[in-house]
Amino acid sequence: MSLTVWLTFLVAQFLVAGAPHDQKRRSRIFGGLFVAAATALASFRSA
């Protein structure tokens, strides 16, 4: 995947992450996005 596709995916997932009051779900999804972004960045740097 290209970096642009990854960033678009991350932003879309964040926007769909749920209502502001749903804090546990939001923090879990945000954590998952952070891990995905870090993994993507690591793969781009090693490539």
Projected label distance in nm at Leu10 and Gln23, using a 7 Å step from Cα toward the beta-carbon: 2.5
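Does segment 3-46 come out rounded, prolate or oblate by the C-alpha gyration tensor, with a ≥ b ≥ c the root eigenvalues, rounded set by a/c under 1.5 and, if not, prolate when a/b is larger than b/c and oblate if not?
On the way: a/c = 5.76, a/b = 1.99, b/c = 2.89.
Cα axes put segment 3-46 in the oblate bin.
Bear in mind that the values in this text are calculations on the coordinates, not laboratory data. In this text, all values refer to a predicted model and were calculated from it rather than measured experimentally. As a convention, Cβ positions derive from the backbone with ideal geometry for all residues, glycine included, and neighbour counts pool all protein chains shown.
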